[in-house]
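Asks: Could you have a look at this structure, given as structure tokens, before my questions?
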Amino acid sequence: MSPTQAVDAPITGADWVEQVHELARRRNAVVLAHNYQLPEIQDVAHHVGDSLALSRIAAAADAETIVFCGVHFMAETAKILAPEKTVLIPDAAAGCSLADSITADELRAWKAEHPGAVVVSYVNTTAAVKAETDVCCTSSNAVEVVESIPADREILFLPDQFLGAHVRRVTGRDNIHVWAGECHVHAGINGAELTAKAQADPEAELFVHPECGCATSALYLATAGAVPAERVKILSTGGMLDAARRTGARSVLVATEVGMLHQLRRAAPEVDFRAVNDRASCPYMKMITPEKLVRSLREGTDEVHVDPELAARGREAVQRMIAIGRPGGGE
Ligand code: SF4
């Protein structure tokens, strides 16, 4: 690549991968991409995965710089787990409606109303909220984390109301208070669409992310006998990939952000994966473009900073989760 090549020039063609990898070599950087990124970003990244798996890769990597193609709280989590490394996100404005549904001040006020309660936060939270958290959880271990807390302790579960409802239903606990947050992308995947798609393809399996508004509908469909229970799978994004490799089904309906279809089709090309809602595309994730990734690698933008004291407290909450058992994957 010419050093004078315009950063914002459209990036196409076979040398795209070579450009990115050469820039990464020069910066001693590793490029990580979340499962909801644009396909061309997923294809060029050194690693693709869910938010927690990528943060753990960031912590273990030899590279000095982590380029996190995802949303801002994910890059913050990488910085929390790898404080000595430079963490870049190609566009710091890539936020998350779920992480933004609770602030640290709101959490402190909620804790004051429930003294002694244990705070369990899904990993989709800002560093400031993680610093106020006792133990983090992912969608695949949320039940396990809650079950590790003595039955007589109150729990404040945040920020996702659908994941919270799923955990409350599975554990049978009635002393879980759930924050009324939601991801506008996942909440838009509704039960009516799921039911219609499931009825139109009675042989299909259903892969449902528990943050989806339709997780309840999926379980209802299973318990009502509309869809055999063994065909309904409530899975984290990492769990979906494992299930895709093992499935014997010819078609699978997928209820999560549509970027996930790219990895599923790569994992099991013979299976027909279809979105329950093909408009479920996260606009924040799609803010990371090939042009911004190149600019990030060339110019070192945008660097992610987390206050060291907040990072240390947030790290404890993540490490408590890892100590409880299988950390699984987040979104
Ligand atoms: S899909 Fe929802 S939870 Fe995920 S990053 Fe986008 S806004 Fe946040």
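Asks: Quick check on Glu106: is it closer than 30 Å to Val178 by Cβ and part of a helix (DSSP H, G or I)?
Replies: So Glu106 passes the test.
Asks: Restrict the check to the range 128-150 and report whether at least one residue is assigned to a strand (DSSP E or B) and within 16 Å of the ligand (Cβ to nearest atom).
Replies: yes
Asks: What number goes with the only condition from (1) within 16 Å of the ligand (Cβ to nearest atom); (2) without any contact (Cβ under 8 Å) to a residue 60 or more places away in the chain that Ala196 does not pass?
Replies: Result: Ala196 fails condition (1) only.
Asks: Consider only pairs whose beta carbons are under 6 Å apart and that are at least six residues apart or on different chains; among these, list those whose first residue lies in the range 175-191 and is over 16 Å from Val129 (Cβ atoms) and more than 10 Å from the ligand (Cβ to nearest atom) and whose second residue is at pLDDT below 95 and of a type in the set (A, V, I, L, M).
Replies: Ile189/Ala255; Ile189/Val276; Ile189/Ala280
Asks: Now a separate question. Would you mention how many residues in the range 68-83 are aliphatic (A, V, I, L, M) and either within 13 Å of the ligand (Cβ to nearest atom) or under 12 Å from Tyr284 (Cβ atoms) (or both)? Lay out the reasoning, then the answer.
Replies: Going residue by residue through the range 68-83, those that are aliphatic (A, V, I, L, M) are 71, 74-75, 78, 80-82.
Now narrow it down to the ones that are either within 13 Å of the ligand (Cβ to nearest atom) or under 12 Å from Tyr284 (Cβ atoms) (or both): 71, 74-75.
Residues meeting the conditions: 3.
Asks: What single numbered condition from (1) within 13 Å of the ligand (Cβ to nearest atom); (2) under 14 Å from the mean Cα position of the chain (by Cα) fails to hold for Phe162?
Replies: Looking at each condition in turn, Phe162 falls short on (2).
Asks: Provide a single number: the residues in the range 262-275 that are more than 14 Å from the ligand (Cβ to nearest atom) and within 20 Å of the chain's Cα centre (by Cα).
Replies: Total satisfying the criteria: 8.
Asks: Also, quick follow-up: Taking the range 109-127 only, how many residues are in a loop (DSSP other than H, G, I, E, B) and either at positive phi or in contact with a strand residue (DSSP E or B) (Cβ under 9 Å, 6 or more places away or on another chain) (or both)?
Replies: Of the residues in that region, 6 qualify.
Asks: Pull up the range 109-135, narrow it to residues that are at pLDDT below 95 and not polar (S, T, N, Q), then point me to the one that is nearest to Ala180 (Cα to Cα).
Replies: Tyr122
Asks: Only one of these conditions is not met by Ala192: (1) farther than 23 Å from His114 by Cα; (2) in contact with a Leu (Cβ under 6 Å, 6 or more places away or on another chain). Which number is it?
Replies: (2)
Asks: Among the residues of the range 202-221, are any of a type in the set (Gly, Ala, Ser) and out of contact with any helix residue (DSSP H, G or I) (no Cβ under 8 Å at 6 or more places or on another chain)?
Replies: no
Asks: Here is a further query. Regarding Thr216, is this residue out of contact with any Leu (no Cβ under 7 Å at 6 or more places or on another chain) and in a helix (DSSP H, G or I)?
Replies: In short, yes.
Asks: On to the next question. Identify, from the list Thr103, Thr65, Thr86, the residue that is assigned by TED's automatic domain parsing to the domain that holds Asp160 and either among the β-branched types (Val, Ile, Thr) or within 16 Å of the ligand (Cβ to nearest atom) (or both).
Replies: When all the criteria are applied, what remains is Thr103.
Asks: For the range 219-276, name all the residues that are at pLDDT 95 or above and among the aromatic types (Phe, Trp, Tyr).
Replies: Result: Phe273, single match.
Asks: Looking at the structure I just gave you, is Ser281 in contact with a strand residue (DSSP E or B) (Cβ under 6 Å, 6 or more places away or on another chain), surrounded by fewer than 20 Cβ atoms within 10 Å (Cβ to Cβ), touching a residue at least 12 places away in the same chain (Cβ under 8 Å) and of a type in the set (Ser, Thr, Tyr)?
Replies: On the way: in contact with a strand residue (DSSP E or B) (Cβ under 6 Å, 6 or more places away or on another chain): no; surrounded by fewer than 20 Cβ atoms within 10 Å (Cβ to Cβ): yes; touching a residue at least 12 places away in the same chain (Cβ under 8 Å): yes; of a type in the set (Ser, Thr, Tyr): yes.
Criteria not met by Ser281.
The values are calculated or read from the model by the stated rules, or taken from the named source; none is laboratory data. Being a predicted model, the structure only gives us computed values, none of them experimental. Note that each Cβ is placed from the backbone with ideal geometry, even for glycine, and that neighbours are counted across all protein chains shown.
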